[in-house]
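K.L.:
Just dropping this structure here.
The values are calculated or read from the model by the stated rules, or taken from the named source; none is laboratory data. Everything numeric in this text was worked out from a predicted model, so none of it was measured. Positions of Cβ are backbone-derived with ideal geometry, glycine not excepted, and every protein chain shown enters the neighbour counts. Ligands, DNA and RNA are stripped out before the accessible areas are found, and what is left, the full protein with its side chains, is counted by its heavy atoms. Shrake-Rupley method; radii C 1.70, N 1.55, O 1.52, S 1.80 Å.
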Amino acid sequence: MKISVVIPTYGCPSAVQPLCQRLTTTLTSITEDFEIILVNDACPKGSWNEIQKVCQKDTRIKGIELSRNFGQIRAITAGLDYCSGDWVVVMDCDLQDRPEGIADLFAKAQEGYDVVFARRKDRKDTPFVKFLSRTFYKVYDYFTDGQYDNTICNFSISKREVISSYCSMREQNRAYTLFLKWLGYRQTAIDIEADCRFEGKSSYNFRRKLSMAAQFVTAQSNKPLRMSVSFGFIIAALAIIYMLYRIIVFFAIGSVPEGWTSVITSLYLLGGIILVSNGILGIYIGYIFNEVKERPLYVVRSTLNCYPTDEKETKK
């Protein structure tokens, strides 16, 4: 029973060798038939050099170098396209995800589950980061009418059929955990204690997280469009009520205070609403534009220990 471990690498070159050592020890206790796929997402700190070293020592470790930085989720997709295991593990390279936790994930999967997620126990993040994570999932749940656990991360193990279903979804805006949730199958989660980051800091700053959250919501739900329509009707109804009020005041009192305040306020309010609605519509049109171009999700520059029998077309 072959196990594949897919790891996008970016910003943690010194973690590559200890990560592979701990992975080899853990996986050997489960099966001798395994592969470790390290996907270099154009790391500026020299992760590819470290990947080359570990690939030379062990042919079960495979390296994929992307032509440029395509982002973590697309790097994961590249590794999934190349892997061939009956069970596939996805994890980060910074050793926050404990390699030893794979044994627990695998054992839980043998109880009849197709996907087992790791629920980060005692997550080593700042209170602000945890607050942002909880807030995002609350908003995401509202827009998608779902229920997602903010402590669940990419660290997981999945059956081959689940990974094949995921790889068949070629949307430009991608989310690994959320896509697996959408696919269904028999899923569960277990608590696995998280460690501190081995090196450096996360490349996902507040601005990038905010942008990613907006992409996830608009890519997975059309509720913002419906909300903009509802909001427009509400404003129109308020405008009619205000107009009727002014008519009644005119006939009851005989005069209405003149001034441009209400006119200008109304114009700016309605103008802002129109711009917001058009902006939301423009975002969705932009997504359609990106999809119809059918550009590849990633481009592979070179590979190590990836033989023709298990290589996939990079244009996918």
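K.L.:
Taking LEU80, is it out of contact with any Gly (no Cβ under 6 Å at 6 or more places or on another chain), farther than 19 Å from CYS306 by Cβ and of a type in the set (A, V, I, L, M)?
P.N.:
Taking the combined requirement at face value, the residue does not satisfy it.
K.L.:
Next up: With respect to the numbered conditions (1) under 19 Å from the mean Cα position of the chain (by Cα); (2) open to solvent by less than 40 Å² (accessible area, probe 1.4 Å); (3) modelled with pLDDT of 65 or more, which one is the sole condition not fulfilled by GLN187?
P.N.:
(2)
K.L.:
Follow-up question, since we're still on this one. Among the listed residues THR77, THR31, THR9, THR25, identify the single one that is β-branched (Val, Ile, Thr) and open to solvent by 50 Å² or more (accessible area, probe 1.4 Å).
P.N.:
Numbers: THR77 fails: open to solvent by 50 Å² or more (accessible area, probe 1.4 Å); THR31 fails: open to solvent by 50 Å² or more (accessible area, probe 1.4 Å); THR9 fails: open to solvent by 50 Å² or more (accessible area, probe 1.4 Å).
Among THR77, THR31, THR9, THR25, only THR25 is β-branched (Val, Ile, Thr) and open to solvent by 50 Å² or more (accessible area, probe 1.4 Å).
To keep it simple, each residue is scored yes or no on (1) open to solvent by less than 40 Å² (accessible area, probe 1.4 Å); (2) at pLDDT below 70.
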site: ILE73; (1), (2): yes, no
site: TYR113; (1), (2): no, no
site: ALA118; (1), (2): yes, no
site: THR126; (1), (2): no, yes
site: THR135; (1), (2): no, yes
site: GLU161; (1), (2): no, no
site: SER164; (1), (2): no, no
site: SER168; (1), (2): no, no
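K.L.:
Somewhere in the range 45-64, is a residue modelled with pLDDT under 90 and farther than 18 Å from PRO18 by Cα?
P.N.:
No, that holds for no residue.
K.L.:
Still on this structure: Might you let me know whether the range 274-283 holds any residue that is modelled with pLDDT under 70, open to solvent by less than 80 Å² (accessible area, probe 1.4 Å) and either farther than 30 Å from LYS181 by Cα or of a type outside the set (Gly, Ala, Ser) (or both)?
P.N.:
Checking the range 274-283: not a single residue is modelled with pLDDT under 70, open to solvent by less than 80 Å² (accessible area, probe 1.4 Å) and either farther than 30 Å from LYS181 by Cα or of a type outside the set (Gly, Ala, Ser) (or both).
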